[in-house]
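**Q** After the structure tokens below, expect a handful of questions from me.
The values are calculated or read from the model by the stated rules, or taken from the named source; none is laboratory data. From a predicted model like this one, the values you see are computed outputs, not experimental measurements. Cβ placement follows ideal geometry from the backbone for every residue including glycine, while neighbour counts extend to all protein chains displayed.
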Amino acid sequence: MSGSKVILLSGGSRGLGLAFVESLLCSGHSIYTFSRRISPELEGLSASSGGRLIWESIDATDFPLVEDYVKRLYERERKLDVLINNAGVGLDGVLTLMRPEDVSSLLALNLESCIRLTRFAVKYMLMAKSGSIVNISSIIGIRGYSGLSVYSATKAGLDGFSRALAREFGSKGIRVNSVAPGYLETDMSSKLQGQQREQIIRRTPLGRLGRVDDVTGVVNFLISDEARFITGQTIVVDGGITC
């Protein structure tokens, strides 16, 4: 898996997913990504990518469409080197007050869609006896936070999924890891109130919120040959707030 790779990334239209697309394109890789809607930023990257960025409008929980997309990717490229499970949604709420449909939505998008996409993609990696899978989880799955129990369950589930798959596929040359970002300067963190934001910064040993490039650099490393002996790990990128 040296040089340019064919990478499948879910949820690449905005936030951290968009940062992954930009970083991976700069590294010379070909990116296939899907989301419900395209953003102006992703549209611009696509136009300037020289055909190395392929986007389609697909809901990550529409599993037949997702499976067909992965199949068409392989038919075009004849390989799939990397899968990055990034699509997800953040919904908070005290468990007893959460609407049942919100619980179902979190479980379907944050966990089941990642499991299903991995199942669709990994068969092509098994054929090549090579591949890297990175699941984007969260420090919320590592530490308990009030009002985030269901979200936390989905992210902790991703970490467990990574560890089990690392054992399941390690002998086939496929590595599986999780990356757990902390609080980042993204659209999601913009919801933080001023006092809450300052409290998080005070509790963070490195004294700031994370940037998207703090996370993209770790993912670039994990999919590279330099990380060839790293699998089954959850890499926390949080400035030390969970230490």
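**Q** Among the residues of segment 202-224, which ones are in contact with an Asp or Glu (Cβ under 8 Å, 6 or more places away or on another chain), under 12 Å from Gly240 (Cβ atoms) and of a type outside the set (S, T, N, Q)?
**A** Result: Gly210, single match.
**Q** Of the residues Val70, Val103, Val66, which is in contact (Cβ under 8 Å) with a residue 12 or more places away in the chain, assigned to a helix (DSSP H, G or I), out of contact with any Ser or Thr (no Cβ under 6 Å at 6 or more places or on another chain) and more than 17 Å from Phe34 (Cα to Cα)?
**A** Val103
**Q** Something else: Condition first: under 20 Å from the mean Cα position of the chain (by Cα), closer than 20 Å to Leu158 by Cβ, outside any helix (DSSP H, G or I) and modelled with pLDDT of 95 or more. Can you find one or more residues in segment 44-53 that meet it?
**A** No.
**Q** For Gly147, work out the one condition from (1) within 30 Å of Arg78 (Cα to Cα); (2) outside any helix (DSSP H, G or I); (3) touching an Asp or Glu at 6+ places or on another chain (Cβ under 6 Å) it doesn't fulfil.
**A** Result: Gly147 passes all but (1).
**Q** Return only the number of the condition from (1) farther than 23 Å from Val94 by Cβ; (2) within 16 Å of the chain's Cα centre (by Cα); (3) not in a loop (DSSP other than H, G, I, E, B) that Thr154 does not satisfy.
**A** Of everything listed in (1) farther than 23 Å from Val94 by Cβ; (2) within 16 Å of the chain's Cα centre (by Cα); (3) not in a loop (DSSP other than H, G, I, E, B), Thr154 misses just condition (1).
**Q** Can you tell me which residues in segment 193-220 are closer than 29 Å to Arg175 by Cβ and of a type in the set (D, E, K, R)?
**A** Once the filter is applied, which keeps residues that are closer than 29 Å to Arg175 by Cβ and of a type in the set (D, E, K, R), segment 193-220 yields Arg211, Asp213, Asp214.
**Q** As an exercise: evaluate Leu184 against (1) over 15 Å from Ile140 (Cα atoms); (2) at pLDDT 90 or above; (3) under 15 Å from the mean Cα position of the chain (by Cα); (4) not aromatic (Phe, Trp, Tyr) and give the number of the one condition it does not meet.
**A** (1)
**Q** Looking at segment 31-66, which of its residues are under 22 Å from Val179 (Cα atoms) and either aliphatic (A, V, I, L, M) or touching a helix residue (DSSP H, G or I) at 6+ places or on another chain (Cβ under 7 Å) (or both)?
**A** Across segment 31-66, the qualifying residues are Ile31, Tyr32, Thr33, Phe34, Ala60, Thr61.
**Q** Within segment 123-175, can you find the residues that are charged (D, E, K, R) and without any contact (Cβ under 8 Å) to a residue 24 or more places away in the chain?
**A** Lys123, Glu168 - these are the residues of segment 123-175 that are charged (D, E, K, R) and without any contact (Cβ under 8 Å) to a residue 24 or more places away in the chain.
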